[in-house]
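Asker: My structure is below; once you've seen it, I'll send some questions.
The values are calculated or read from the model by the stated rules, or taken from the named source; none is laboratory data. It should be emphasised that the depicted structure is a prediction, and the values quoted were computed from it without experimental measurement. Virtual Cβ from ideal backbone geometry, glycine too; neighbours counted across all protein chains shown. Heads up: the accessible areas ignore ligands, DNA and RNA and are worked out on the full protein's heavy atoms, side chains in. Shrake-Rupley method; radii C 1.70, N 1.55, O 1.52, S 1.80 Å.
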Amino acid sequence: MRLPARPGERLNRDREVTFTYDGNAVRAFEGDTIGSALYASGQRIFSRSFKYHRPRGLLCCSGSCPNCMMTVDGVPNVRVCAEPVRENAVVRPQNVWGSLERDALVVTDKLGGPFTPVGFYYRTMIRPRWAWPLYEKFLRSVAGLGKLDKHGTRANRYDVEHRRARVLVIGGGRAGREAAQQHAVAGMQVVLVDEGFVDPLEGVEVVAPGRALGIWEGGLVPVDAGRVLYRFRAEKIVVATGTIEQPLVFPGNDLVGVMLPDGVRRLIEDWGIKPAEKAVVVTVDEAGREAAASLREAGVEIAGVYDLRRERVREIVARGRGGVLRSVEVDGRKLSCDLLVMSGGRQPAYSLLSQAGARVEYDPGRGVFIPTDIPEGIEAVGSVAGEGLAGAVPAASYNGASGKGKCFVCVCEDVTDKDLKRAIAEGFDSIELAKRYTTVTMGPCQGRLCHVPSIRLYARENEKDEATIGTTTARPPWAPVTLGLLAGRPHEPAQRTAIHHRHKELGAKMMWTGTWRRPHSYGDPEGEAQSVHASVGVIDVSTLGKMIVRGPDSAQFLERLYPNRFGDMKPMRIRYGVLNSDAGRIMDDGTIARLDDETFYVTTTSTGAGAVLEWFEWWNAVWGMDVEIVNVTGGLAAVNVAGPRAREVMRKLTDIDLSNEGLAYLDAREAQIAGVPSLILRIGFVGELGYELHFPSPYGEHVWNEILDAGEEFGIRPFGLEPQRILRLEKMHILVGQDTDSESNVLEANMPWIAKLDKDDFVGKWSLEQVQERGLQDLLVGFEMEDGKVPLEGAQVVLEGTRPIGRITSSRWSPELRKAIGMAWVPAAIAEEGKSFLVTVDGGFERATVRLRPFFDPDGEKLRS
Amino acid sequence: MSFLLDCPNCGPRDVNEFSCAGEVTVRPKESPTLRELTSYIYFRRNVAGVQREWWYHRQGCEVWFQAERDTRTNEVLRTEIVEPSSRAGTPGPEAVATPDAPAV
Ligand SMILES: [Zn+2]
């Protein structure tokens, strides 16, 4: 099937590549596409059509049409005519029940019935109503193109890259290359993008194959380069997308063996394939004649060339067997052939320009739509701007609808001329509405091959001209794009703490919290929690947000941001703070340590760090106070040593006075820990005597190791996030975002003591006053289950009689208390110590008792010890 | 949204580098009535036209500035870091919002 090697061909005939198609090995050359190699191996049927399951073969050979879509290495809907071969690729046909050659669903083509006319699903499937589930099941099984493996794992990595270009040229044809070169010679940075293969160009970065998906505001052009989505920002965009060859509409125009001229040219010139034995050409422009010449040269017999510009042809009918072309009848004259080249003229590929804001006008002289009013910053060059387009299309002289078979206007969606006429008869008199009703232009080719033919047909049926009918709106993406690519990794790097590798060595099970990787546990959450109560544990809390707030106004700044008081705070003391919005909602919480008169050290939640920094910076910009805010989150590591024996561990690491008098609860101290300058905060999120140590990140592992060594004799254990959650729940400490949502305020979240409403002003004060005035409605309370079953977080709180009145926000089994405990939002009337409510558990109801004070160490004696 | 924003410090950058805190509003001076409070918190002018907004260069210099943007075209007419003296009242976004992720 291959022709002798010829100059300019894409093949490297010295290098063979083998892949499998439907289980059989196919040999190809480097430079082949999967499609060209299959064609060379004798394959003619490449797919089954969307609706009628008609056999389809190569049509455009340029990645425009849907005819060659197959599943390659598990990725469905790959256009194999444009997909380069690669060793061991696994290629399978799709949209087939059986094989491409024998597809059971081809009955829809033969029978028609209720499944085929346009809009059938709006009309047919609605009665009888009881049958809808059956209809739906069937429709779902046959609808759509390609199948995804529901149990498949990620096959490919996709990435997003942000790029800039002084000049971005889209299209690597003659005009595009010239424009690229000119700009490069003028010293500009130029990037050239093309969907196919492009030879290198001096001074120009070439991205090929790559598909420009659209032009957005700000000169944004996303380019699909297979595994990478480039988001190009271009100062200037040159659109040189050229033209798209248009098919002709006649019965049998979708048979296997009917092709567009450029597809034929590619098979011969790029891949050295003799496309057929005997060909007929029907054309309205030079492209058909050129194809005929190429075919002759390749040794193909030309049975006839019909140039519609010169000859008057009334009727064209293509006939085949099994969906494969056997002959063409032109005005009753039958010519047997295995290739029919149809050329309906070339339409400028204006979609990108139109998206960018250009107008599109019909040029009756040339019979095509031409883009005009090109917006600033964009240039259209070459044939997309109409350059070199001769008057190609005479008034359609032949009758496309002769009643001798289906005439396809849109091969993607299997829309025929009859469907369009039916839509017109039903009153869809606007092309935009008809598009939505018939789905013409809405398939994989995105109108490349069906937009102009549908407008022509519409114009003729409505007895209007094309200019009046107008075009439908061009929308991105211009080419289909895989969802994987759109979901590719953005530039939001994962974060690891300085102690990350030690956690892994200690067998930690890691989990995501925001962008952070943190130990969920070291394999024994309950045991880890218990060792904190029994002896001592250590947790890495480096992920906490950390800020230094410094300046003459810093105390006043914090007074205005937080509901608490700070002005009266002594240096080296610590306060718990909750940040509110002006609507009175809880945004974040953390601790604030006053280091000296003008300096505060503020911690935030791990995931809230960024938002709190923004919040601080913003109010500082608004108020213009004399305050500097420095984010030191990444620069400092932090660990919390907690448990009754924490003091003994700490004593081995530092010389300072750690007695309860020397460093009391909520005291801060600067000290050397294991030789590292640190800030010690005596706080206790987990309810036991605890020391939170903040120190420079580079010493993370060193300090961690020293603590574990020092604690060995006391049986110290590292603990993860999950044990910490058990411990904090025992203390009824809230987790912002877990126990609170965007409606929660501190009064109803049971922290009324934190809001000093007698202060002049603070963010959220007025709204909290309003809450107080209207009275508390739902309150956050603790609860314990009577029978020990742990309800799901999110479970409903139910009143007798099964009316939902609240919800569970946190729940755990406490190994220390031997109880199922949790927190829940309940109406104020129930929010009293000892009252009870029902909770949904395992489909039934279980009783829970309200607890308002911490389950563990309610008076904080252990914390203060 | 895919337009460019001219950070007063860093120059034109992709809008995704910024977070937007919405239109500049005026925070009531002292104890507001319920009506004043709700209108400050919940009501926005939402103009079809040029609007003054707060923007934060999150993935850049971490500075808040104000921009005048035409909400119909996303054309940004000017950006500036506002000096405290000229800060008309105080704005109040409910929370620091993240711009919608772009389609691509
Ligand atoms: Zn900046």
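Asker: Residue separation times 0.36 nm, minus the C-alpha to C-alpha distance between A:Thr468 and A:Arg289: what's the value?
Answerer: Fully extending the segment from A:Thr468 to A:Arg289 adds 61.3 nm.
Asker: Moving on to the next point. Taking H as built 1.01 Å from N, whose amide H comes closer than 5 Å to the amide H of A:Gln189, not counting residues under 5 places away?
Answerer: For A:Gln189, the qualifying residues are A:Arg166, A:Val167.
Asker: Now a separate question. Find how many whole Å separate the alpha carbon centroid of region A:619-697 from the alpha carbon centroid of region A:32-70.
Answerer: 68
Asker: Another question, then. Say R0 is 60 Å: what FRET efficiency, to the nearest 0.05, do B:Val26 and A:Arg312 get from their beta-carbon distance?
Answerer: 0.20
Asker: What net charge is computed for the residues neighbouring A:Asn12, neighbours being all others with C-beta under 10 Å from the C-beta of A:Asn12, Lys and Arg scored +1, Asp and Glu -1?
Answerer: Summing Lys/Arg as +1 and Asp/Glu as -1 gives -2.
Asker: Next question. Less than 13 Å Cβ to Cβ from A:Pro493, Lys/Arg counted +1 and Asp/Glu -1: what total charge do the surrounding residues give?
Answerer: +1
Asker: Can you give the accessible area buried between chains B and A, summed over both chains, with a 1.4 Å probe, in Å² to the nearest 100?
Answerer: 3000
Asker: Testing the spin-label approximation: label points 7 Å from Cα along Cα→Cβ at B:Phe43 and A:Lys835. State their distance in nm.
Answerer: 3.6
Asker: Just tell me how shielded B:11-20 is by partners: mean number of partner chain Cβ atoms within 10 Å of each residue's Cβ, no decimals.
Answerer: The per-residue average across the peptide is 2.
Asker: Give me the one-decimal nm value for the distance between modelled label points at A:Arg154 and A:Ser41, 7 Å along each residue's Cα-to-Cβ direction.
Answerer: 3.1
Asker: Quick check: net charge around A:Tyr306, other residues with Cβ under 12 Å of its Cβ, Lys/Arg +1 and Asp/Glu -1?
Answerer: Net of charged neighbours comes to +1.
Asker: Spin-label point model (7 Å from Cα, Cβ direction): what's the A:Arg296 to A:Phe845 distance in nm?
Answerer: Those two pseudo-labels are separated by 9.1 nm.
Asker: Going Cα to Cα from A:Lys731, which lysines come in below 18 Å? Please leave out same-chain ones fewer than 8 positions away.
Answerer: A:Lys819, A:Lys862
Asker: Under 19 Å between alpha carbons, and skipping anything fewer than 8 positions from A:Lys51 in its own chain: which aspartates and glutamates qualify?
Answerer: Straight-distance partners of A:Lys51: A:Glu101, A:Asp103, A:Asp109, A:Glu136, A:Asp254, A:Glu413, A:Asp414, A:Asp417, A:Asp419.
Asker: Tell me, what is the percent relative contact order of region A:1-94, built from C-alpha pairs under 8 Å that lie six or more residues apart?
Answerer: Reported relative contact order: 30 percent.
Asker: Separation of region A:181-209 and region B:1-53 by C-alpha centroid, Å?
Answerer: If you average the Cα positions of each part, the centres end up 41 Å apart.
Asker: What is the mean number of Cβ atoms from other protein chains located within 10 Å of the Cβ atom of each residue in peptide A:617-627, rounded to a whole number?
Answerer: That works out to 5 on average.
Asker: Here is a further query. Calculate, in nm to one decimal, what A:Ala664 and A:Glu712 gain on full extension: separation in residues at 0.36 nm each, minus their alpha carbon distance.
Answerer: Net length gain for the segment: 14.8 nm.
Asker: Answer rounded, prolate or oblate for region A:713-865, using the Cα gyration tensor with square roots of eigenvalues a ≥ b ≥ c: rounded when a/c is under 1.5, else prolate when a/b is larger than b/c, else oblate.
Answerer: Here region A:713-865 falls in the oblate category.
Asker: Give the peptides A:702-715, A:433-446 in descending order of average Cβ contacts within 10 Å, highest first.
Answerer: Per-residue Cβ counts within 10 Å, averaged per peptide and sorted highest first, yield A:433-446, A:702-715.
Asker: Also: In chain A, which whole DSSP H runs stretch at least 18 Å along their own axis (Cα) and average -0.5 or higher on the Kyte-Doolittle scale?
Answerer: Result, helices passing both filters: A:609-623.
Asker: Also, I was wondering about something else. Taking every alpha carbon pair in region A:582-700, what does the distance histogram look like in 10 angstrom bins from 0, in percent?
Answerer: 11, 40, 32, 14, 3
Asker: Here's a follow-up. With contacts defined as alpha carbon pairs under 8 Å and 6 or more residues apart, what's the relative contact order of chain A in percent?
Answerer: Worked out over chain A, it gives 8 percent.
Asker: I would also like to ask the following. Counting just the Cα atoms, what span does region A:170-239 cover along each of its three principal axes? Round to the nearest Å and put the largest first.
Answerer: Extents along the principal axes: 27, 26, 17 Å.
Asker: Starting from the exponent 0.38 and prefactor 2.2 Å, build the expected Rg for region A:780-846 from its residue count and divide its actual Cα Rg by it.
Answerer: 1.00
Asker: Another question, if that's okay. Size of the dipole of chain A about the Cα centre, Lys and Arg at +1 and Asp and Glu at -1 on the beta carbon, nothing else charged, in debye to 20?
Answerer: 3740
Asker: Follow-up question, since we're still on this one. Along the principal axes of its C-alpha atoms, what lengths does the protein assembly as shown span, in descending order and rounded to whole Å?
Answerer: Taking max minus min along each principal axis of the Cα atoms, the protein assembly as shown gives 109, 62, 60 Å.
Asker: Once R0 is set to 25 Å, what does the formula 1/(1 + (r/R0)^6) return for the Cβ-Cβ distance between B:Val50 and B:Glu83, expressed as a FRET efficiency to the nearest 0.05?
Answerer: After rounding to 0.05, the efficiency reads 0.75.
Asker: Among the listed pairs A:Lys334/A:Lys406; A:Lys765/A:Lys835; A:Lys278/A:Lys464, which are separated by more than 29 Å between their Cα atoms?
Answerer: Result: A:Lys765/A:Lys835; A:Lys278/A:Lys464 exceed 29 Å.
Asker: Something else: Figure the gain on full extension for A:Asn24 and A:Thr515 (residue separation times 0.36 nm, minus the Cα-Cα span) and round it to one decimal in nm.
Answerer: Going from the current span to full extension adds 172.2 nm.
Asker: Within the protein assembly as shown, what whole-number % of the accessible surface is contributed by carbon and sulfur, with the 1.4 Å probe and all protein chains included in the calculation?
Answerer: Summing carbon and sulfur atoms, their accessible area is 49 percent of the total for the protein assembly as shown.
Asker: Provide the per residue accessible area, probe 1.4 Å, for the protein assembly as shown, rounded to a whole number of square angstrom.
Answerer: Heavy-atom SASA per residue in the protein assembly as shown reads 43 Å².
Asker: Right, another one. At most 12 other Cβ atoms within 10 Å and a DSSP loop assignment: could you name the GluC sites (Glu not before Pro) in region A:403-479 that fit?
Answerer: A:Glu426, A:Glu463
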